[in-house]
Structures are given as C-alpha cells and as structure tokens.
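A.B. asks: Got a structure for you, written out below as structure tokens; questions coming shortly.
The values are calculated or read from the model by the stated rules, or taken from the named source; none is laboratory data. Keep in mind that what you see is a predicted model, and the values were worked out from it rather than measured. Cβ placement follows ideal geometry from the backbone for every residue including glycine, while neighbour counts extend to all protein chains displayed.
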Amino acid sequence: MRNHPSLTWPASDFSRIPFAAYCDPDVYEDEQERIFRGPTWNYLALEAELPNAGDFLSTKVGETPVVVNRDSDGQLHAFVNRCMHRGMLLCRERHGNSANFICPYHQWTYDLTGQLRAVPFPHGVNGEGGLPKDFDREKIHLQELKIESYKGVIFGTFSDASEPLIDYLGPVVTYEIDRLFHKPIRILGYQRQRIFGNWKLYNDNVRDPNHGGLLHMFHATFGLYRLSQKGGAKLDARGRHNVTWNSLGTDDEKTTSEGYEGTKKVYKPKFTLNDMSMLQNRTEHPDDVTLVILSVFPNVVFQQISNSLCTRQIRTNGTDKMELYWTYYGYADDDEEMTQHRLDQANLVGPGGLISMEDGEAVELVQNAVQREQDKHAMVEIGGTGKIETQKSLVTEVPIRGFYSYYCELMGFTAGVEAAAE
Amino acid sequence: MTETGVRDAINDLMADYCHYLDDDRLEEWLDFFTEDCQYKILSRENVEDDLPLELLSCRNKNMLRDRILSLREANIYNIHFDKHLLGAVRILGAENGGYRVQANYSHYQSNQDGISELFSVGTYRDLIIFADGKPLFQEKIAVADTFGIPRLLSTPI
C-alpha cells in the first residue's frame, strides 16, 4: 500500500493551493481512486450519441477507459473497458453498434448487459484442456459503473457511497442543465485538445471568471464577455460546482474603460471584424444570459457562448497531461441556417477558438513554472477570502476555493493546519 | 493555358501557400484566396462520421482576414516557428470551372528551445480556380488525421 501523500494547505479557506498538488505523482494516483472512483458522478456521454439499441461509445473516467452502451431493452450501461479474462481492452472502436462485445484476444463474448455469454472451446478438445468443470460463466460480468441520466446527460460513478445524481448536482446545476437541454439535441461533432498541464489547472481555469475578461482579449474587445458586464458565479450548496454567467451588452463605456485602464492590450475598442456575423447572439431563452460556463465536479464543463453549445470532458493523463474532449450540439429542430450559425460560432471556442485557444497555453505555462516550486502556493484571493459563496461579480476566483474545499474532503487533506504561507 | 502551364501554376500555388505560412507572411498569404473562398480545417473523425463540425472554418475571405487579425492583435498562443512539408500534388480533375487538387501535408512546430514536434499530418482537398490567369484557392480544406490537437490551433495549417 502506498503512503497517502501529504500536502500543505496553510489557509483554512483554501485561498492557498500547494503547487505540489499539480505535480506529485502520488497525489495523482490517489486522485484516480478518491476522486474519479470516489463518491463523485462523472460525465460519460450524451444520450443523443446512443439513440439505438446496440449503440456504444468509448469514453474515460479520469484515466480509466469506459464503454457506455444501450442494450436491446433500451437500458444504458457503463463498463470498465477491460475483458475479465486477461485484461485486454475489450472495445477498440471510438463508437459503433454491436449485438455483443467480443474480446479480440481470446474471443470471450459478453452480451450488452456485460454478462459473459461464450468462451471458445469450453470443453477443450477430446476431453483435454478447456475450462475447469467448476467454471461458472454466470458469475463473470464486466466491471460495471452505476449510471444515471439527467435530461439526456449520462453520468457514472464507481462508488456505492455516491449520493443520488440529482442531489449530487443540486438545484443550481439542474437549473442550468434544464435550460441547456430544454429540448432534444443533435450532435454536431467533436474536437479534442491535448493540454500539457494537470487536470486541476483546467478546473481552476473554468472556475475563474476573472481571467475570462483579461486573458481572452477577443472576448473583451468584442463585448461578448467583459468584467464590467452583468454577471457572476453561482455555487452549489457544497461549493464544488460553479456556474459562471454573464449578459452581453450590459456594460457602459465608462466602467469598462476605467476597469481595463493600464491593460490596453486587452481591451481595444477601435478593433473591428470584417465579418461580424459570428458575434451575433440569437436569443433562445426567456432570460438575457448569453454566456454560461457550468463546471461540474470533477470532469465536465457545459458551455453556452451565445449560440455555441457544447460539453467539455476532462480526461486525465498523468500529472502533467490531459485531453479536453469537446462535444458540440444544437437542437434537433434547428433549421439549416441556425445549424450554420452554431457551426460558425464553434470558431469562438475549442482548440482553435478565437476566444478560448489561450486556455491550453495558460495551463501549460503554469505547469512548467511550478514544477520546481512544489513547496510554494498559488494565491486565490480575488473576490475575497473566508466564506465560499455565490459571487455577484465576474471579478472573482472564489469558485476555485469551492473546488478545493470538496477536493480536500475527498482526498483527506486538512487545510489550515499551519500558519499562513510565504 | 497549356496543360503543363496549369500544372506548373497549381504546383507553384501549393508550394507558395506553405512557404508564406512558414515565413509568417500571413497578410500576403491571404492573396492566395478568392473573396468567396472556403477555408476549413476538419477533424478526420468528424469527416469519417459525416458530422458537420469543423476545427476551424472561414466561409469567406473576410472571415479569414479576421482570423489573421485576431492572431496578430488578440490571441495569446505558443511562440513557435511553423514548417509545412508538402507531398506530391495530385490534380484529380476539372470541377466547377477549376481543378480539384489533393496533397498530403506534415506541419511541424518548433518552440523557443529549438525543439520540433509534428503538429499535424493530413490531406489538403482543394479547389483551385484561375482568375485572370492567376491560380487562387476557392476551397482550401485541410483534413487533419491529427485530430487530437496538441496545445492549440493558432497559425493556419
């Protein structure tokens, strides 16, 4: 048994994050057990990706390969993608439709519920070889995750200790999922981004409304998202999930130019696009919210940026690498013009996004800079210290402290045991 | 124009396209496109599955101009050199008053420490037309086998 790693969390309000949390391989190993296989619900896929009986797809929970499928009765299942025989990756395709799962190594065959159905040469040849007499096929079942679906979004958990999904998400999150998935969706496609940084640095990034209007100059310049606009960060009761939201067109020139004073590179009011169609927002909801970045602990972000809708799944790959898996969608009743508008606005985000390309770079540059500073700490004080609660401004990073308050609970780290850091 | 003349002109355009990108002459590179051009980078997995999402899409030259403007003025991205290696250019045939052209590419990026990595490998599937005797891209479509984008997609493929 490995020793449980210890990290120094000097501030009880989680306003200091030890850089070792992003670098220590023992911490990463523990996270796979305590976070991704712990009492959390992990985003797996969207039901719209598995419309028919026999449909399956490959996904990840942390670093564990998982298959999600729909059986012949229409029930959804999720299994660790591993044959129970010798550990071979059972399903090699990204997705497909199949009546069963056959392991390529020795042709062990499982049905769509994960039950072992057939093994070749069970009785050997001429009474020699084959399975032992007491071999009980009925007892062999793929390692199953418990799954629940909310509004067509499929979550899975490894742990029997997980609370029901609806309670785990809580009303702040379900409100947003209800809104984003208020009618049937249509999958538009996928993007993948390989980010060379720790998976938590990306979670920090999406829980940091402050950076959105500072790092992303495209945002600020064209008014899609400015720190001077109406917006904020809504936390769930436990502080582990966050909704960053704003409404474009709610800022005034004076507050904006004063706020951005000294950051002339970020906010360039004279800068215009030759083709402004991409920036057009088509109202789809009774509210005036034009941006939602909903981050659900530990592995998913739901996005609305104007009319661009997607999920972003975090797939870990060691301490310093992760894949961000983007699934874009529109609504099933979108006409051709609306679909084209969503495809145009897909240019705003993703690995090549006019707005979001910076995030991959920011995460990597932090990872590189802190590697040899593992005894030091990140400072998280914007928006205030102390209580972790919903924020009525975008100039805040309090949701990051919310993330770590739950993270530390799961990891067994105690915060605030030592005096304040450097 | 003779058949050889067309072939030479297409080959020169394909080569110039790469060299202008690698030399960071992005504003001049725009001159290789028609006003109604389509410039797209597609993920091979979406192409195989017949899904419409692009990795990057400009449906006219103004959108392409905006991309370059955004790179110059707005975006923060990895500081690097680009190098494109172009495979043999295949002229597949006449289409819509132009020529359907295909070529494989490798696109390497080199960082500030002088370390070079393959950034993308894939196939250009282009439509080249002639305007006043000059070849131009009406469609420049890069289908990336490397659909797991390393870091971020900034400078064009």
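A.B. asks: From the list A:Leu76, A:Leu116, which residue is touching a residue at least 60 places away in the same chain (Cβ under 8 Å), surrounded by 15 or more Cβ atoms within 10 Å (Cβ to Cβ) and touching a helix residue (DSSP H, G or I) at 6+ places or on another chain (Cβ under 9 Å)?
C.D. replies: A:Leu76
A.B. asks: Among A:Gly353, A:Gly330, which is the only one that is in a loop (DSSP other than H, G, I, E, B) and within 13 Å of another protein chain (Cβ to nearest Cβ)?
C.D. replies: Only one candidate passes the filter, namely A:Gly353.
A.B. asks: Next question, about the same structure. Tell me the strands (runs of 3 or more DSSP E) entirely within region B:60-124 that contain at least 2 residues that are farther than 14 Å from B:Ala142 by Cβ and among the hydroxyl-bearing types (Ser, Thr, Tyr).
C.D. replies: B:98-110
A.B. asks: Look through region A:209-218, keep the residues that are touching a Leu at 6+ places or on another chain (Cβ under 9 Å) and assigned to a helix (DSSP H, G or I), and return whichever of them is nearest to the other protein chains (Cβ to nearest Cβ).
C.D. replies: A:Phe218
A.B. asks: Right, next: Suppose we keep only residues that are more than 14 Å from the chain's Cα centre (by Cα) and in a helix (DSSP H, G or I) within region B:29-55. Which one would you say is nearest to the other protein chains (Cβ to nearest Cβ)?
C.D. replies: Going through the qualifying residues, I end up with B:Asn46.
A.B. asks: Here are some residues: B:Arg90, B:Arg125. Which one is under 18 Å from the mean Cα position of the chain (by Cα), within 27 Å of B:Asp8 (Cβ to Cβ) and either surrounded by fewer than 18 Cβ atoms within 10 Å (Cβ to Cβ) or at pLDDT below 95 (or both)?
C.D. replies: Step by step, each of B:Arg90, B:Arg125 is checked, and only B:Arg90 is under 18 Å from the mean Cα position of the chain (by Cα), within 27 Å of B:Asp8 (Cβ to Cβ) and either surrounded by fewer than 18 Cβ atoms within 10 Å (Cβ to Cβ) or at pLDDT below 95 (or both).
A.B. asks: A further question on this structure: Report the residue count in region A:91-108 for those that are farther than 30 Å from A:Gln191 by Cβ, touching a strand residue (DSSP E or B) at 6+ places or on another chain (Cβ under 6 Å) and surrounded by 15 or more Cβ atoms within 10 Å (Cβ to Cβ).
C.D. replies: Going through region A:91-108 one residue at a time, the tally reaches 1.
A.B. asks: Has region B:96-114 got any residue that is away from chain A (no Cβ under 14 Å), surrounded by fewer than 17 Cβ atoms within 10 Å (Cβ to Cβ) and modelled with pLDDT under 95?
C.D. replies: yes
A.B. asks: With (1) within 20 Å of the chain's Cα centre (by Cα); (2) part of a loop (DSSP other than H, G, I, E, B); (3) over 20 Å from A:His77 (Cβ atoms) as the list, and A:Ser159 as the residue in question, which single condition is left unmet?
C.D. replies: All conditions pass for A:Ser159, except number (3).
A.B. asks: Next question. Conditions first: (1) at pLDDT 95 or above; (2) more than 17 Å from A:Gln345 (Cβ to Cβ); (3) in contact with a His (Cβ under 9 Å, 6 or more places away or on another chain). A:Val266 passes all but one, so which condition is the exception?
C.D. replies: Going through (1) at pLDDT 95 or above; (2) more than 17 Å from A:Gln345 (Cβ to Cβ); (3) in contact with a His (Cβ under 9 Å, 6 or more places away or on another chain) one by one, A:Val266 breaks only (1).
A.B. asks: Mind listing just one residue for me: the one in region A:56-67 that is buried (at least 20 other Cβ atoms within 10 Å of the Cβ) and not hydrophobic (A, V, I, L, M, F, W, C) and, of those, farthest from A:Glu144 (Cα to Cα)?
C.D. replies: Among those that are buried (at least 20 other Cβ atoms within 10 Å of the Cβ) and not hydrophobic (A, V, I, L, M, F, W, C), it is A:Gly62.
A.B. asks: Can you find a residue in region A:134-149 that is buried (at least 19 other Cβ atoms within 10 Å of the Cβ), among the polar types (S, T, N, Q), out of contact with any His (no Cβ under 7 Å at 6 or more places or on another chain) and touching a residue at least 24 places away in the same chain (Cβ under 8 Å)?
C.D. replies: No, because not a single residue in region A:134-149 is buried (at least 19 other Cβ atoms within 10 Å of the Cβ), among the polar types (S, T, N, Q), out of contact with any His (no Cβ under 7 Å at 6 or more places or on another chain) and touching a residue at least 24 places away in the same chain (Cβ under 8 Å).
A.B. asks: Related question: Filter region A:306-320 down to the residues that are part of a loop (DSSP other than H, G, I, E, B) and without any contact (Cβ under 8 Å) to a residue 60 or more places away in the chain and list them by number.
C.D. replies: Across region A:306-320, the qualifying residue is only A:Asn307.
A.B. asks: Looking for whichever is surrounded by fewer than 20 Cβ atoms within 10 Å (Cβ to Cβ), outside any strand (DSSP E or B), in the same structural domain as A:Phe196 (by TED's automatic domain parsing) and touching a residue at least 40 places away in the same chain (Cβ under 8 Å) here; the options are A:Glu381, A:Glu358, A:Glu323. Which one fits?
C.D. replies: Step by step, each of A:Glu381, A:Glu358, A:Glu323 is checked, and only A:Glu381 is surrounded by fewer than 20 Cβ atoms within 10 Å (Cβ to Cβ), outside any strand (DSSP E or B), in the same structural domain as A:Phe196 (by TED's automatic domain parsing) and touching a residue at least 40 places away in the same chain (Cβ under 8 Å).
A.B. asks: Name the pairs: first residue in region A:276-294 and in the same structural domain as A:Glu176 (by TED's automatic domain parsing) and in contact (Cβ under 8 Å) with a residue 12 or more places away in the chain, second residue part of a loop (DSSP other than H, G, I, E, B) and of a type outside the set (Ser, Thr, Tyr), Cβ to Cβ under 6 Å, at least 6 apart or on different chains?
C.D. replies: A:Arg282/A:Asn307; A:Thr290/A:Leu248; A:Thr290/A:Asn281
A.B. asks: Considering each of B:His80, B:His84 in turn, give the residue that is in contact with a Ser or Thr (Cβ under 8 Å, 6 or more places away or on another chain), over 25 Å from A:Thr327 (Cα atoms) and within 14 Å of chain A (Cβ to nearest Cβ).
C.D. replies: Only one candidate qualifies: B:His80.
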